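Written below as structure tokens is the structure these notes are about.
The values are calculated or read from the model by the stated rules, or taken from the named source; none is laboratory data. Remember, predicted model here, so these are calculated numbers, not experimental data. Virtual Cβ from ideal backbone geometry, glycine too; neighbours counted across all protein chains shown.
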Amino acid sequence: MTDHAPLVRRAAAEDAPTVLRLVDALAEYERLTPPDDTAKERLVRDMFGVRPRIEPYLCEIGGRAAGYAFVFETYSSFLALPTLYLEDLFVLPEYRRQKAGYALFSAMIGEAHRRGCGRMEWTVLDWNTLALDFYGRFEARHMKEWALYRLDREQIARLA
């Protein structure tokens with residue numbers, strides 16, 4: 001294995017600044033407002049605190065951060081098995097032809113298998129043809145019969 005082969009590893013607390021830079025890069029790519037300082041503090045706490053809510057993984061090529069993935073578990077009552085949910089998978093543009101995305105996604109598949117998950121799920125923006133094509137190469141199925149719904153924080157507060 002050369003030093004330029006993608007290496008995927010679980011991120012550690014000292015990686016927080018790197019992970020946050022990658023999150024900002026994803027926000028730019030998706031044309032979204034990046035997290036503010038308070039949100040970034042929560043994100044770090046939720047990755048590396050006493051009771052983590054998400055699990056961050058980094059992909060490095062030649063010792064440099066090329067991309068990241070966030071996962072967490074949900075649960076299927078019908079399968080009676082966990083589901084590995086892939087919240088983010090992002091690779092910096094300059095690393096997209098160097099197998100960083102493949103390495104990250106393959107590592108998450110391996111993690112789902114290691115945990116005994118019944119499935120792995122994620123969402124993709126409908127305009128992101130690069131991602132749609134990428135996941136299609138893994139034989140991932142677009143679940144057209146499921147409609148995604150969301151309540152935002154303000155709605156939750158109002159309805160609670």
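Yes or no, residue by residue, for (1) among the polar types (S, T, N, Q); (2) touching a residue at least 24 places away in the same chain (Cβ under 8 Å); (3) within 16 Å of Leu22 (Cβ to Cβ):
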| residue | (1), (2), (3) |
| --- | --- |
| Asp46 | no, no, yes |
| Glu55 | no, yes, yes |
| Ile61 | no, yes, yes |
| Ala66 | no, yes, yes |
| Ala69 | no, yes, yes |
| Phe72 | no, no, no |
| Phe78 | no, no, no |
| Leu86 | no, yes, yes |
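Only one of the numbered conditions (1) more than 25 Å from Ala5 (Cα to Cα); (2) touching a strand residue (DSSP E or B) at 6+ places or on another chain (Cβ under 8 Å) is violated by Thr123, and that is (2).
Conditions tested, residue by residue: (1) of a type in the set (Gly, Ala, Ser); (2) over 29 Å from Arg42 (Cβ atoms).
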residue: Glu60; (1), (2): no, no
residue: Ala80; (1), (2): yes, yes
residue: Gln98; (1), (2): no, yes
residue: Leu104; (1), (2): no, no
residue: Arg119; (1), (2): no, no
residue: Tyr135; (1), (2): no, no
residue: Glu145; (1), (2): no, yes
residue: Tyr149; (1), (2): no, no
residue: Glu154; (1), (2): no, no
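Candidates are the residues of region 19-62 that are outside any helix (DSSP H, G or I) and among the small types (Gly, Ala, Ser); the one that is farthest from Val8 (Cα to Cα) is Gly49.
Determine whether Val8 is surrounded by 13 or more Cβ atoms within 10 Å (Cβ to Cβ), β-branched (Val, Ile, Thr) and either in contact with a Pro (Cβ under 8 Å, 6 or more places away or on another chain) or not in a helix (DSSP H, G or I) (or both). Taking the combined requirement at face value, the residue satisfies it.
Figure legend. Inter-residue proximity from region 115-143: first residues closer than 13 Å to Leu84 by Cβ, second residues modelled with pLDDT of 90 or more and surrounded by fewer than 12 Cβ atoms within 10 Å (Cβ to Cβ), beta-carbon distance below 7 Å, spacing 6+ or different chains. Indicated pairs: Gly118/Leu79.
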